[in-house]
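J.: This structure is in structure tokens; I'll ask about it shortly.
The values are calculated or read from the model by the stated rules, or taken from the named source; none is laboratory data. Small disclaimer: the values here were computed from a predicted structure and weren't measured. Every residue, glycine as well, gets a Cβ built from its backbone with ideal geometry; the counts of neighbours run over all protein chains shown.
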């Protein structure tokens, strides 16, 4: 009865994530689990104050867990639930709480059935995955052999989940979140991201300065690979109320940034232009030089892109450009890196692959100048059924950045051209 009362009183508003594994500290893998959970917690009204990474060292992990349990209502661990000797999360939780682990017959039967179903005999070392401490309940793992642990201890909640992301995500969504809901007591936190391109972070910050002092909702300005993102975050008693706070702020951002806004939240430029092309029955072809096929790669990352993408040509040399129909006289007169050649590349791509829309990209990826043109200079042309537009970009003279920015700029200009032609 006392345990039931404790459960009723348990409320979680402050969280810490503890990511376990020496491979994280060595930089061998990126901690995507922590990033995923950090994105999930606000929608539950849980504030995340700490993310800690710790290696497979028992003493340091005990110290980390003790500190986390002292300062947080909810401690989420990922990793260390496997069957090997260096998988020490269970043993360390037991030591931290001063409780003994015991094999649970039901969990053991479940594990043996999993192995038998695959035609295998369960190794003896996997038996540790069937252990619990008195304070722990097992959490079903629909995608692996390692059950999680749900531990309620002295008004704190510790949830141990496996390290493989596909296992952890599923366990979190299907098992952990439903169990967490009765213990939530804070405000709901809702975020909305507005995505823009064509203005630098400082320019966006200046344009939005009247809005940035707002506390609820708050606005964060972030430079990303596909432009500048504005993250609007509101706290309220319900999702609907939070969205009500966000809506007028988003409308004002759109008003201030105008045509530079291209999407929100999970939108990608390649998916947006793909949907626009498909809706209008238009076919696209590309001819790239300095980006080396990155534009075609981005376009084909979208499932179903074969419905509107005819193909991409990488014409890195002047000979390749000429072979696919770019006028040699233009290259000779203006140089390969020029607005005139970009326009002719877009035209040649459209005609060569029998498309309605062509994109041409030519520039200097760097680090050295080319034909007297500085690194980072790029010309991007859009040919939409014979009507051409060309823009020039000047990007930081780092090869990978030039290629990435030019690819995003080409997609943005295509979106703009399609919008204006409707």
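J.: How many of the residues making up the range 242-280 are outside any helix (DSSP H, G or I) and either in contact with a strand residue (DSSP E or B) (Cβ under 6 Å, 6 or more places away or on another chain) or touching a residue at least 40 places away in the same chain (Cβ under 8 Å) (or both)?
T.: Residues flagged as outside any helix (DSSP H, G or I) and either in contact with a strand residue (DSSP E or B) (Cβ under 6 Å, 6 or more places away or on another chain) or touching a residue at least 40 places away in the same chain (Cβ under 8 Å) (or both) within the range 242-280 amount to 7.
Listed here are the residues, each with its yes/no results for (1) over 22 Å from residue 276 (Cα atoms); (2) in contact (Cβ under 8 Å) with a residue 24 or more places away in the chain.
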| site | (1), (2) |
| --- | --- |
| 360 | no, yes |
| 364 | yes, yes |
| 369 | yes, no |
| 378 | yes, yes |
| 394 | yes, no |
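J.: So, one more: Taking residue 220, is it in contact with a strand residue (DSSP E or B) (Cβ under 8 Å, 6 or more places away or on another chain), in a loop (DSSP other than H, G, I, E, B) and not assigned by TED's automatic domain parsing to the domain that holds residue 404?
T.: no
J.: Given the residues 127, 74, which is the only one that is in the same structural domain as residue 160 (by TED's automatic domain parsing) and surrounded by 16 or more Cβ atoms within 10 Å (Cβ to Cβ)?
T.: 74
J.: Right, next: Quick check on my filter: what residues within the range 93-116 are free of Cβ contacts under 8 Å to residues at least 24 places away in the same chain, surrounded by 16 or more Cβ atoms within 10 Å (Cβ to Cβ) and part of a loop (DSSP other than H, G, I, E, B)?
T.: Residues satisfying the conditions do not exist here.
J.: While we're looking at this one, here's another question. Going through 302, 326 one at a time, which residue ends up being surrounded by fewer than 23 Cβ atoms within 10 Å (Cβ to Cβ) and assigned by TED's automatic domain parsing to the domain that holds residue 351?
T.: Going through 302, 326 in turn, the sole match is 302.
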